[in-house]
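Read through the structure below, which is laid out as structure tokens, and then see the notes.
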Amino acid sequence: MGLTKILIADSQVLTREGITSVLKNTGNYDIIGYIESNNELFGFLENNTPSILIIDPYRLDDFLISHLAK
């Protein structure tokens, strides 16, 4: 079975690096990208489909979960 593809969307570098460190130590995950803003997130999702999206909606500018449905 292949690695689980994960996209991390958080504007804080320290948070992204911490999550990445924990996930890479398991060996079961492939971090396919890091996102810092809504525009980056939606642009990335137009061409990529992560298995898991880790997102901090409070750190992204004017993010609403309903935006992901589009």
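The values are calculated or read from the model by the stated rules, or taken from the named source; none is laboratory data. These numbers were taken from a predicted model, which means no experiment stands behind them. Cβ sites come from the backbone with ideal geometry, for glycine too, and all protein chains shown count toward neighbours. To get the accessible areas, we keep the full protein, side chains included, count just its heavy atoms, and leave off ligands, DNA and RNA. Shrake-Rupley method; radii C 1.70, N 1.55, O 1.52, S 1.80 Å.
Calculate, for residue 48 and residue 22, the FRET efficiency according to 1/(1 + (r/R0)^6) with r their C-beta to C-beta distance and R0 22 Å; round to the nearest 0.05. Before the final figure, lay out each step's value.
Working: r = 22 Å, r/R0 = 0.99.
Between residue 48 and residue 22 the formula returns 0.50.
Once phi is turned into θ = phi - 60°, what whole-Hz ³J(HN,Hα) does the Karplus curve with 6.51, -1.76 and 1.60 give for every residue of region 16-28, x standing for Gly and Pro?
After applying 6.51 cos²θ - 1.76 cosθ + 1.60, I find 4, 5, x, 4, 4, 4, 4, 5, 5, 5, 7, x, 9 Hz.
Find the accessible area per residue for region 2-62; the probe is 1.4 Å, ligands and nucleic acids are left out, and the unit is Å². Please list the in-between numbers first.
Numbers: 3850 Å² over 61 residues.
Counting only protein heavy atoms, the per-residue value for region 2-62 is 63 Å².
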